[in-house]
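The values are calculated or read from the model by the stated rules, or taken from the named source; none is laboratory data. Bear in mind the structure is a predicted one, so any value in this text is a computation, not a measurement. Neighbour counts are summed over all protein chains in view; Cβ atoms, including those assigned to glycine, are modelled from backbone coordinates with ideal geometry.
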Amino acid sequence: MMTKTHDSKPTASLVLDSRTILRDGSHPLKLKIGWGKDDNRKWSIGYTFTKEKYAELLTNATRAPYKDIWVHLNAKLRKADNIIRDLMPFFRFEDFKERFFDAPNFKIQVDESSLMFICETVANNYKRKGQYSMSVKMRDSSRSLLKFVKMENMPMRAITPSFCREYEEYMYNKSKKFTRNGAGINLRHIRILFNEAISEGYIPREWYPFKRMSGERSFFKDAYVIPLERKSKEYLDEADLVKFSETKRFDTPAQRKAHCAWLVSFYCNGANAADFLNFRFRDIEGDFISFYREKIKYSTRQDRKLIRVFITPELRQLILEFGNPPAPNNYIFQCYTDEMDDEKRFLARKKFTTDVTRSMKILGEKLGLKAKVKLGNARHALANILKRNGVSREVVKDLFGHMSIVTADNYYESFGDDKFKEIATNYMSLDAIKSRIRDR
């Protein structure tokens with residue numbers, strides 16, 4: 001049996017049940033648990049008083065013989081408060097009663113509406129569709145919530161707006177840079193679990209704790225809004241980009257590999273590792289590499305953007321130096337093999353990005369670059385070079401494969417290969433960058 005969800009905490013108090021009159025004219029003292037305005041339960045705790053004696057007890061709590069009675073009563077209140085704290089945020093009166101009166105078989109009930117059941121169901125669906133990384137993200141985010149409540153499982157009904165806010169503060173205080181993005185990322189994954197669970201009929205719509213983008217009224221008065229902090233991104237300016245690109249001083253092969261990976265990302269329209277590691281030689285059509293971003297590979301939308309990367313002389317040289325032998329079915333860059341399943345590909349990419357990130361940091365510090373060198377900021381470096389040189393947002397949108405920058409961008413037509421070739425030649429080419437620096 002499931003209780004109505006409240007976005008509040010139950011409270012414990014003692015009340016004299018004056019409506020119940022025992023044979024000696026006294027009344028039972030009861031423990032009252034109140035939850036919300038209307039829900040409350042009362043249980044006798046073994047003490048009886050007349051109204052007069054109870055009044056004396058209240059006014060003489062520190063005096064004998066009342067002091068000893070109050071010690072026992074306060075112990076029961078503390079026990080009740082501790083049980084409420086342990087059961088929150090998934091409190092049920094039935095569970096409280098069993099715990100308070102020491103029922104030997106007490107166990108928090110979890111079923112198809114529990115977080116881990118739904119998480120495993122959704123994660124396995126992602127895995128079957130080949131989206132192994134999404135299955136990992138669902139599990140990691142769910143475990144983060146369970147770590148917060150120090151439990152192995154919890155009902156989805158316990159994830160209320162107030163719970164989400166408490167979790168957000170927990171993640172904020174835990175983060176090294178005091179950011180709310182960690183909570184935001186995890187709760188977006190939890191939102192996916194809610195949507196899937198509601199769609200499959202595991203939980204009712206009324207349990208949904210998040211503010212609905214459609215404007216549909218929420219069951220909760222103060223629905224939770226997932227945080228999104230947009231911080232300024234670090235990126236290499238053109239001078240540092242030239243310094244980084246032209247360096248030949250590598251202390252280890254790992255630094256040389258990291259250097260190559262960053263440049264590949266830059267010259268491939270800012271593609272991330274999940275994209276460019278998946279390139280095969282059959283994706284090359286003349287002077288272009290064509291691909292869809294991995295993050296929208298399984299999108300149900302029919303208007304996915306095909307990204308066209310012009311193969312500049314710099315990119316062609318990187319492929320020759322660091323790529324696999326040029327056979328149609330071969331991956332262009334070294335990381336995956338055909339024998340790998342989705343899980344092994346995910347682990348291989350994770351190791352690749354971890355190793356590259358570590359070596360990039362060392363290389364950037366050695367070169368004295370102003371910004372930290374990260375694989376992800378090659379995209380930002382490219383975007384800012386284009387922006388500073390007057391390339392329109394519509395061109396950048398198509399170059400990166402975005403569906404839109406703002407809603408109005410849906411009215412713009414896509415630009416063709418000639419424009420992409422012009423951008424790569426005039427703005428991404430190392431010679432063009434150095435020429436602009438000389439002209440300043």
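Contact list please: Cβ distance under 8 Å, first residue in the stretch 62-91 and among the polar types (S, T, N, Q), second residue at pLDDT 85 or above, pairs at least six apart or on different chains.
So the pair list comes out as THR62/TRP70.
Test each condition in (1) within 19 Å of LEU228 (Cα to Cα); (2) touching a residue at least 12 places away in the same chain (Cβ under 8 Å); (3) in contact with a Lys or Arg (Cβ under 9 Å, 6 or more places away or on another chain) for TYR172 and report the one that comes out false.
(2)
Between a first residue in the stretch 264-292 that is assigned by TED's automatic domain parsing to the domain that holds PHE420 and surrounded by fewer than 21 Cβ atoms within 10 Å (Cβ to Cβ) and a second residue that is among the small types (Gly, Ala, Ser) and modelled with pLDDT under 95, which pairs have beta carbons less than 6 Å apart while being 6 or more apart in sequence or on different chains?
ASP283/SER290
Show the residue pairs that are 6+ apart or on different chains and have beta-carbon atoms under 7 Å apart, the first residue being within the stretch 217-232 and not assigned by TED's automatic domain parsing to the domain that holds HIS189 and at pLDDT 85 or above, the second being surrounded by 15 or more Cβ atoms within 10 Å (Cβ to Cβ) and in a loop (DSSP other than H, G, I, E, B).
Sorted first by the residue in the stretch 217-232, then by its partner, the pairs are ALA223/PRO209; ALA223/LYS211; TYR224/PRO209; TYR224/LYS211; VAL225/LYS211; PRO227/ARG180.
What do you reckon, is ILE21 closer than 30 Å to GLU206 by Cα and not small (Gly, Ala, Ser)?
Answer is no for this residue.
Considering only residues of the stretch 311-366 that are under 30 Å from LYS127 (Cα atoms) and touching a Cys at 6+ places or on another chain (Cβ under 6 Å), which is surrounded by the fewest Cβ atoms within 10 Å (Cβ to Cβ)?
Going through the qualifying residues, I end up with ALA348.
Take the residues of the stretch 154-185 that are touching a Phe, Trp or Tyr at 6+ places or on another chain (Cβ under 8 Å) and among the polar types (S, T, N, Q): which is surrounded by the most Cβ atoms within 10 Å (Cβ to Cβ)?
The selected residue is THR160.
Looking only at residues in the stretch 234-263 that are free of Cβ contacts under 8 Å to residues at least 40 places away in the same chain and of a type in the set (Lys, Arg), which one is surrounded by the most Cβ atoms within 10 Å (Cβ to Cβ)?
If we filter the stretch 234-263 for residues that are free of Cβ contacts under 8 Å to residues at least 40 places away in the same chain, which is where we start, we get 248, 253, 256.
Then keep just the ones that are of a type in the set (Lys, Arg); that gives 248, 256.
Working: LYS248: 6, ARG256: 18.
Per the stated criteria, the residue is ARG256.
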